[in-house]
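Visitor: Supplied in structure tokens, the structure appears directly below.
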């Protein structure tokens, strides 16, 4: 009876052990261009969990002068540690840094495990954003340089003005599908939209670039593609 009680206690402790919080195994940081001091600035951090028993936990950001420290943590339960199959699980964190003053920032992720440089332009006015953007849900590849942005616009009096593509000359192309409002009163009416765009990756130094598409409400759509 005593042995049974001890075994039961051990099993109980394993089953209800507190999960371990660890630094996520980050591998790369993407720092898109095209932000100014009126935008909600974003960076994208990627990595690989060694097995499916790791889970995303939270992200913490600290900005001090021109240095941005980011901590990305994962959760691992003791309960499953011994039965996890070895399997690489990619993860991606789109991290909002909020509004930043114009300038160059040095970004450290998980105590310098990965580092990056972020450039933010000084906005010409105090407006929340200089442009309206389409709401983009996904990006379809049609050819080597031919892509289509699929999403919607919020009214039939809003039309595509232009598409700007900005390279950070390292690993990211930022796409800005800029819309224009053609009348003062625009009744809400969600309408699908498809926007063709040509993307030239020649300026980048990676075969796994990030396509960063600015969307409505200060958000973005982010997709990492393989251009090999």
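Visitor: Just how far, in whole angstrom, is segment 20-90 from segment 139-168 if you go by their alpha carbon centroids?
Guide: Centre-to-centre (Cα) distance: 28 Å.
Visitor: Could you pull out which residues in segment 36-76 have an amide N less than 12 Å from a spot 7 Å beyond the Cα of residue 166, following the Cα-Cβ vector?
Guide: Within reach of a label on residue 166: 36-42.
Visitor: Once you have the Cα-Cα distance between residue 208 and residue 142, take 0.36 nm times their residue separation minus that, and quote the gain in nm to one decimal.
Guide: Once the chain is fully extended between residue 208 and residue 142, it gains 22.0 nm.
Visitor: For labels at residue 57 and residue 227 in the simple 7 Å Cα→Cβ model, what's the distance in nm?
Guide: 3.6 nm
Visitor: Take the alpha carbon gyration tensor of segment 104-228, find the square roots of its eigenvalues, order them as a ≥ b ≥ c, and report rounded if a/c is under 1.5; if not, report prolate when a/b exceeds b/c, else oblate.
Guide: Here segment 104-228 falls in the oblate category.
Visitor: Let me ask something additional. Given axes a ≥ b ≥ c from the Cα gyration tensor, I'd like to know whether segment 13-125 is rounded (a/c under 1.5), prolate (a/b larger than b/c) or oblate.
Guide: Taking the square roots of the gyration eigenvalues as a ≥ b ≥ c, segment 13-125 is prolate.
Visitor: Compute a Gaussian network model of the chain, connecting alpha carbons closer than 10 Å, and tell me which residue from 64, 184, 122 fluctuates the most.
Guide: Between 64, 184, 122, it is 184 that shows the largest mean-square fluctuation.
Visitor: With springs only between Cα atoms under 10 Å apart, run a GNM on the chain and tell me which of 83, 21, 29 wobbles the most.
Guide: 83
Visitor: In addition: Describe numerically, in nm with one decimal, the distance between label points set 7 Å from Cα along Cα→Cβ at residue 113 and at residue 156.
Guide: 5.1 nm
Visitor: If I fit a long axis through the Cα atoms of helix 2-15 and take the longest principal axis of the Cα atoms of the chain, what angle between them do I get, 0 to 90°, rounded to 10?
Guide: 10 degrees
Visitor: Then there's this: Name the residue, out of 93, 71, 145, whose mean-square fluctuation peaks in a Gaussian network model built on the chain with Cα pairs under 10 Å.
Guide: Largest GNM mean-square fluctuation: 145.
Visitor: What order, most packed first, do the peptides 85-91, 166-172 have when packing is the mean number of other Cβ atoms within 10 Å of each residue?
Guide: 166-172, 85-91
Visitor: So for 163, 72, fewest C-beta neighbours within 10 Å to most, what's the order?
Guide: Ranked by crowding around the Cβ, least crowded first: 163, 72.
Visitor: Can I ask one more? Plugging the Kirkwood radius over Cα pairs into Stokes-Einstein for the chain, at a temperature of 20 °C and a viscosity of 1.002 mPa s, what D comes out in µm²/s?
Guide: 107 µm²/s
Visitor: In nm, what is the difference between 0.36 nm times the number of residues separating residue 182 and residue 96 and their Cα-Cα distance?
Guide: Stretched fully, the residue 182-residue 96 segment lengthens by 27.9 nm.
Visitor: What number, rounded to the nearest 500 deg cm²/dmol, is the helix-based mean residue ellipticity at 222 nm of the chain, given -39500 (n - 2.57) per DSSP H run of at least four residues and division by all its residues?
Guide: Computed ellipticity for the chain at 222 nm equals -2000 deg cm²/dmol.
Visitor: I've got another one for you. Which whole-number percent is the relative contact order of the chain (Cα, under 8 Å, 6+ apart)?
Guide: Result for the chain is 19 percent.
Visitor: FRET efficiency for residue 37 and residue 87, Cβ-Cβ distance as r, R0 = 45 Å, nearest 0.05?
Guide: 0.60
Any read-out appearing in this document is the output of simple, stated calculations on the displayed coordinates, not a laboratory observation. What you see is a predicted model, and the numbers here were worked out from it, not measured in a lab. Every residue, glycine as well, gets a Cβ built from its backbone with ideal geometry; the counts of neighbours run over all protein chains shown.
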